[in-house]
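Engineer: Below you'll find the structure I mean.
The values are calculated or read from the model by the stated rules, or taken from the named source; none is laboratory data. If you're wondering where the values come from, they're calculated on a predicted model, not measured in any experiment. In this analysis, Cβ positions are derived from the backbone assuming ideal geometry, glycine residues included, and neighbour counts consider all displayed protein chains. Note: accessible area is taken over every heavy atom of the protein model, side chains too, but ligands, DNA and RNA are not part of it. Shrake-Rupley method; radii C 1.70, N 1.55, O 1.52, S 1.80 Å.
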Amino acid sequence: MSLPEVVSRAQWRAAREELLLKEKAATRARDALNAQRRRLPMVEVDEPYVFEGGDGKATLPDLFEGHRQLVVYHFMFAPEWEAGCRSCSAFLDQIGHLAHLKARDTAFAAVSRAPYAKLLPFKARMGWTVPWYSSYASGFNRDFEATLEQDGELVERPGVSCFLRDGDRVFHTYSTYERGLDGLGSTTTFLDLTALGRQEEWEEPAGRASAFGAPAGSAQLRYHDEYDF
(Lines give C-alpha, C1' and ligand atoms only; values in the text may rest on other atoms or scores of the structure.)
Protein backbone atom coordinates (compact mmCIF):
# COMPACT_ATOMS: atom_id res chain seq x y z
CA MET A 1 0.00 0.00 0.00
CA SER A 2 1.26 3.46 -0.92
CA LEU A 3 0.91 5.77 2.09
CA PRO A 4 1.42 9.55 2.40
CA GLU A 5 4.95 10.86 3.01
CA VAL A 6 5.93 11.28 6.66
CA VAL A 7 7.04 14.87 7.42
CA SER A 8 7.42 17.25 10.36
CA ARG A 9 4.47 19.16 11.80
CA ALA A 10 5.82 22.40 10.28
CA GLN A 11 6.09 20.80 6.83
CA TRP A 12 2.56 19.39 7.18
CA ARG A 13 1.24 22.82 8.16
CA ALA A 14 2.83 24.48 5.13
CA ALA A 15 1.43 21.85 2.78
CA ARG A 16 -1.98 22.10 4.44
CA GLU A 17 -2.09 25.90 4.03
CA GLU A 18 -1.15 25.56 0.36
CA LEU A 19 -3.99 23.09 -0.16
CA LEU A 20 -6.40 25.30 1.80
CA LEU A 21 -6.01 28.04 -0.81
CA LYS A 22 -7.18 25.59 -3.48
CA GLU A 23 -10.03 24.35 -1.27
CA LYS A 24 -11.28 27.91 -0.76
CA ALA A 25 -11.09 28.54 -4.50
CA ALA A 26 -13.10 25.34 -5.08
CA THR A 27 -15.71 26.51 -2.54
CA ARG A 28 -16.09 29.86 -4.30
CA ALA A 29 -16.34 28.09 -7.66
CA ARG A 30 -19.00 25.75 -6.24
CA ASP A 31 -21.00 28.71 -4.92
CA ALA A 32 -20.88 30.32 -8.36
CA LEU A 33 -21.96 27.05 -10.01
CA ASN A 34 -24.84 26.65 -7.56
CA ALA A 35 -25.98 30.21 -8.33
CA GLN A 36 -25.88 29.43 -12.05
CA ARG A 37 -27.95 26.29 -11.39
CA ARG A 38 -30.57 28.32 -9.53
CA ARG A 39 -30.81 30.60 -12.56
CA LEU A 40 -31.78 27.72 -14.84
CA PRO A 41 -35.22 28.07 -16.45
CA MET A 42 -37.90 25.56 -15.48
CA VAL A 43 -40.42 23.42 -17.34
CA GLU A 44 -44.04 22.96 -16.30
CA VAL A 45 -45.02 19.34 -15.65
CA ASP A 46 -48.56 18.78 -16.87
CA GLU A 47 -48.49 14.99 -17.27
CA PRO A 48 -50.85 13.38 -14.68
CA TYR A 49 -48.35 10.85 -13.33
CA VAL A 50 -49.73 8.21 -10.99
CA PHE A 51 -47.56 6.63 -8.29
CA GLU A 52 -48.23 4.05 -5.61
CA GLY A 53 -46.99 4.48 -2.05
CA GLY A 54 -47.81 3.63 1.52
CA ASP A 55 -51.15 5.44 1.34
CA GLY A 56 -52.15 4.05 -2.05
CA LYS A 57 -52.31 6.03 -5.29
CA ALA A 58 -50.56 9.40 -5.42
CA THR A 59 -49.96 12.17 -7.93
CA LEU A 60 -46.75 14.14 -8.38
CA PRO A 61 -48.17 17.06 -6.33
CA ASP A 62 -48.95 14.57 -3.55
CA LEU A 63 -45.25 13.74 -3.29
CA PHE A 64 -44.59 17.34 -2.16
CA GLU A 65 -46.51 16.61 1.08
CA GLY A 66 -47.62 20.25 1.10
CA HIS A 67 -44.09 21.67 0.66
CA ARG A 68 -42.87 24.12 -1.95
CA GLN A 69 -40.08 21.94 -3.35
CA LEU A 70 -39.50 18.24 -3.97
CA VAL A 71 -36.28 16.28 -4.43
CA VAL A 72 -36.80 12.87 -6.06
CA TYR A 73 -34.14 10.18 -5.92
CA HIS A 74 -34.41 7.84 -8.91
CA PHE A 75 -33.72 4.52 -7.18
CA MET A 76 -32.75 1.69 -9.54
CA PHE A 77 -35.26 -1.12 -9.04
CA ALA A 78 -36.61 -2.58 -12.29
CA PRO A 79 -39.94 -4.45 -12.24
CA GLU A 80 -38.29 -7.80 -12.89
CA TRP A 81 -35.70 -7.44 -10.10
CA GLU A 82 -36.17 -9.07 -6.71
CA ALA A 83 -34.11 -6.49 -4.80
CA GLY A 84 -33.02 -2.89 -5.21
CA CYS A 85 -29.67 -1.74 -6.57
CA ARG A 86 -26.84 -2.09 -4.02
CA SER A 87 -25.36 1.32 -4.84
CA CYS A 88 -28.77 3.01 -4.60
CA SER A 89 -29.32 1.24 -1.29
CA ALA A 90 -26.03 2.57 0.02
CA PHE A 91 -27.11 6.04 -1.11
CA LEU A 92 -30.40 5.85 0.82
CA ASP A 93 -28.55 4.51 3.87
CA GLN A 94 -26.74 7.85 4.18
CA ILE A 95 -29.82 10.09 4.01
CA GLY A 96 -30.15 12.18 7.17
CA HIS A 97 -33.24 13.32 9.06
CA LEU A 98 -35.73 14.72 6.55
CA ALA A 99 -37.01 17.29 9.05
CA HIS A 100 -34.11 19.57 8.14
CA LEU A 101 -35.12 19.53 4.46
CA LYS A 102 -38.74 20.15 5.41
CA ALA A 103 -37.63 23.17 7.44
CA ARG A 104 -36.61 24.62 4.06
CA ASP A 105 -40.06 23.69 2.68
CA THR A 106 -38.55 20.82 0.69
CA ALA A 107 -39.77 17.22 0.57
CA PHE A 108 -37.74 14.15 -0.36
CA ALA A 109 -38.93 10.90 -1.93
CA ALA A 110 -37.43 7.90 -3.69
CA VAL A 111 -39.12 6.65 -6.86
CA SER A 112 -38.57 3.30 -8.60
CA ARG A 113 -40.16 1.51 -11.53
CA ALA A 114 -40.74 -1.76 -9.64
CA PRO A 115 -44.28 -2.38 -8.34
CA TYR A 116 -44.89 -1.20 -4.79
CA ALA A 117 -45.48 -4.81 -3.71
CA LYS A 118 -41.74 -5.34 -4.30
CA LEU A 119 -40.61 -2.04 -2.82
CA LEU A 120 -42.40 -2.47 0.50
CA PRO A 121 -40.67 -5.65 1.77
CA PHE A 122 -37.28 -4.42 0.60
CA LYS A 123 -37.84 -1.09 2.37
CA ALA A 124 -38.72 -2.99 5.55
CA ARG A 125 -35.61 -5.16 5.20
CA MET A 126 -33.42 -2.04 4.87
CA GLY A 127 -35.17 -0.26 7.74
CA TRP A 128 -35.76 2.93 5.75
CA THR A 129 -38.37 5.52 6.69
CA VAL A 130 -38.00 7.81 3.66
CA PRO A 131 -41.08 8.00 1.41
CA TRP A 132 -40.71 5.55 -1.49
CA TYR A 133 -43.08 5.36 -4.45
CA SER A 134 -43.56 3.08 -7.42
CA SER A 135 -43.87 4.68 -10.85
CA TYR A 136 -44.76 1.32 -12.42
CA ALA A 137 -48.08 2.60 -13.83
CA SER A 138 -46.64 5.74 -15.43
CA GLY A 139 -43.93 6.95 -17.78
CA PHE A 140 -42.27 9.05 -15.09
CA ASN A 141 -38.93 7.21 -15.14
CA ARG A 142 -38.61 7.44 -18.92
CA ASP A 143 -39.71 11.05 -19.09
CA PHE A 144 -37.10 12.06 -16.53
CA GLU A 145 -34.43 9.84 -18.10
CA ALA A 146 -33.94 7.49 -15.15
CA THR A 147 -34.94 4.62 -17.45
CA LEU A 148 -33.36 4.60 -20.90
CA GLU A 149 -33.77 2.34 -23.92
CA GLN A 150 -30.49 0.86 -25.13
CA ASP A 151 -30.27 -1.78 -27.85
CA GLY A 152 -33.96 -2.49 -27.49
CA GLU A 153 -33.80 -3.01 -23.71
CA LEU A 154 -34.76 -0.77 -20.81
CA VAL A 155 -31.81 0.24 -18.62
CA GLU A 156 -32.05 1.89 -15.20
CA ARG A 157 -29.71 4.61 -13.95
CA PRO A 158 -29.61 6.50 -10.65
CA GLY A 159 -30.39 10.18 -10.55
CA VAL A 160 -31.95 13.09 -8.72
CA SER A 161 -34.68 15.38 -10.06
CA CYS A 162 -35.89 18.59 -8.42
CA PHE A 163 -39.33 20.13 -8.67
CA LEU A 164 -40.92 23.40 -7.58
CA ARG A 165 -44.60 23.91 -6.81
CA ASP A 166 -46.35 27.22 -7.38
CA GLY A 167 -49.94 26.81 -6.22
CA ASP A 168 -51.37 23.93 -8.24
CA ARG A 169 -48.64 24.11 -10.87
CA VAL A 170 -45.53 21.88 -10.73
CA PHE A 171 -42.26 22.68 -12.48
CA HIS A 172 -39.16 20.60 -13.19
CA THR A 173 -36.08 22.66 -12.30
CA TYR A 174 -33.09 20.30 -12.39
CA SER A 175 -31.88 16.71 -12.85
CA THR A 176 -28.50 14.99 -12.53
CA TYR A 177 -27.42 11.38 -12.90
CA GLU A 178 -24.69 8.86 -12.07
CA ARG A 179 -21.45 10.77 -11.26
CA GLY A 180 -23.55 13.88 -10.69
CA LEU A 181 -24.66 12.21 -7.45
CA ASP A 182 -21.13 12.14 -6.04
CA GLY A 183 -21.03 13.99 -2.74
CA LEU A 184 -24.83 14.17 -2.32
CA GLY A 185 -26.63 12.95 0.77
CA SER A 186 -26.66 15.84 3.24
CA THR A 187 -29.41 18.43 3.58
CA THR A 188 -27.29 21.23 2.13
CA THR A 189 -26.12 19.23 -0.89
CA PHE A 190 -29.72 18.46 -1.85
CA LEU A 191 -30.79 22.07 -1.31
CA ASP A 192 -27.93 23.22 -3.54
CA LEU A 193 -29.63 21.40 -6.44
CA THR A 194 -32.97 23.17 -5.98
CA ALA A 195 -34.29 26.43 -7.42
CA LEU A 196 -34.55 28.03 -3.96
CA GLY A 197 -31.20 26.72 -2.72
CA ARG A 198 -30.30 26.85 0.98
CA GLN A 199 -32.41 30.04 1.25
CA GLU A 200 -29.56 31.98 2.82
CA GLU A 201 -29.35 35.75 2.36
CA TRP A 202 -25.87 35.54 0.81
CA GLU A 203 -26.99 33.30 -2.05
CA GLU A 204 -27.53 34.51 -5.58
CA PRO A 205 -29.86 35.26 -7.24
CA ALA A 206 -31.19 37.49 -4.47
CA GLY A 207 -34.77 37.39 -3.30
CA ARG A 208 -35.25 33.66 -2.72
CA ALA A 209 -34.16 33.39 0.90
CA SER A 210 -37.61 34.33 2.16
CA ALA A 211 -39.54 33.03 -0.82
CA PHE A 212 -42.30 31.57 1.33
CA GLY A 213 -42.27 33.98 4.26
CA ALA A 214 -40.08 31.95 6.64
CA PRO A 215 -36.83 33.09 8.31
CA ALA A 216 -33.87 32.73 5.97
CA GLY A 217 -31.81 29.57 5.80
CA SER A 218 -30.05 28.46 8.98
CA ALA A 219 -32.39 30.58 11.12
CA GLN A 220 -35.00 27.88 10.45
CA LEU A 221 -32.89 25.07 11.89
CA ARG A 222 -33.98 23.28 15.07
CA TYR A 223 -33.20 20.00 16.75
CA HIS A 224 -35.11 17.51 14.65
CA ASP A 225 -37.54 16.76 17.51
CA GLU A 226 -38.45 20.45 17.89
CA TYR A 227 -40.07 20.95 14.50
CA ASP A 228 -43.86 21.07 14.18
CA PHE A 229 -43.91 18.35 11.49
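Engineer: Using the Karplus equation 6.51 cos²θ - 1.76 cosθ + 1.60 (θ = phi - 60°), what ³J(HN,Hα) coupling, rounded to whole Hz, does each residue of region 116-121 give in order, writing x for Gly and Pro?
Structural biologist: Here the 3J(HN,Hα) series is 4, 4, 8, 5, 4, x Hz.
Engineer: Rounded, prolate or oblate for region 59-126? Axes are the square roots of the Cα gyration tensor eigenvalues, ordered a ≥ b ≥ c, and the cut-off for rounded is a/c under 1.5.
Structural biologist: It comes out prolate by the Cα gyration axes.
Engineer: Okay, moving on. For region 21-150, what D do you get in µm² per second when you plug the Kirkwood radius from alpha-carbon pairs into Stokes-Einstein at 10 °C and 1.306 mPa s?
Structural biologist: 97
Engineer: Plugging the Kirkwood radius over Cα pairs into Stokes-Einstein for region 109-229, at a temperature of 37 °C and a viscosity of 0.692 mPa s, what D comes out in µm²/s?
Structural biologist: 194
Engineer: Per-residue accessible area for H100 at 1.4 Å probe radius, Å² rounded to 10?
Structural biologist: Solvent-accessible area, nearest 10 Å²: 50 Å².
Engineer: Further question on the same structure: Compute and list, largest first, the equivalent-ellipsoid semi-axes of the chain from the alpha carbon gyration tensor, each √(5λ) rounded to a whole angstrom.
Structural biologist: Ellipsoid semi-axes (Å, largest first): 32, 24, 18.
Engineer: Count neighbours as other Cβ atoms within 10 Å of each site's Cβ, and list the GluC sites (Glu not before Pro) in region 131-229 that are DSSP loop with at most 16 such neighbours.
Structural biologist: Taking region 131-229 and a limit of 16 other Cβ atoms within 10 Å, the loop GluC sites (Glu not before Pro) found are E145, E200, E201, E226.
Engineer: In the chain, with Lys and Arg counted as +1 and Asp and Glu as -1 at Cβ, which of these residues, A14, G180, G66, has the Cα nearest the positive end of the dipole, that is, farthest along it?
Structural biologist: Positive-most Cα among the choices belongs to A14.
Engineer: Let me ask you something else. Do any trypsin sites (Lys or Arg not before Pro) in region 1-47 lie in a loop, going by DSSP, with at most 15 other beta-carbon atoms within 10 Å of their beta carbon, and if so which?
Structural biologist: Hits after loop and neighbour filter: R39.
Engineer: Now a separate question. Under the definition of Cα pairs under 8 Å and six or more residues apart, what whole-number percent is the relative contact order of the chain?
Structural biologist: 23
Engineer: Given axes a ≥ b ≥ c from the Cα gyration tensor, I'd like to know whether region 22-71 is rounded (a/c under 1.5), prolate (a/b larger than b/c) or oblate.
Structural biologist: Note, shape of region 22-71 comes out prolate.
Engineer: Antiparallel versus total DSSP beta bridges in the chain: what percent is that, nearest 5?
Structural biologist: Around 75 percent of the beta bridges assigned by DSSP in the chain are antiparallel ones.
Engineer: Mind listing the phi-derived Karplus ³J(HN,Hα) values for region 161-174, rounded to whole Hz, using 6.51, -1.76 and 1.60 with θ = phi - 60°, and x for any glycine or proline?
Structural biologist: My calculation for region 161-174 gives 10, 10, 10, 10, 10, 10, x, 8, 9, 10, 10, 8, 10, 6 Hz in order.
Engineer: Let me ask you something else. Can you compute 3J(HN,Hα) from phi for each residue in region 52-62, using the Karplus curve 6.51 cos²θ - 1.76 cosθ + 1.60 with θ = phi - 60°, rounded to whole Hz and x for Gly and Pro?
Structural biologist: Each residue of region 52-62 in turn: 10, x, x, 9, x, 5, 8, 9, 4, x, 4 Hz.
Engineer: On to the next question. Treat every Asp and Glu Cβ in region 25-99 as -1 and every Lys and Arg Cβ as +1, leave all other atoms uncharged, and give the resulting dipole magnitude about the Cα centre to the nearest 20 debye.
Structural biologist: In debye, rounded to 20, region 25-99 gives about 700.
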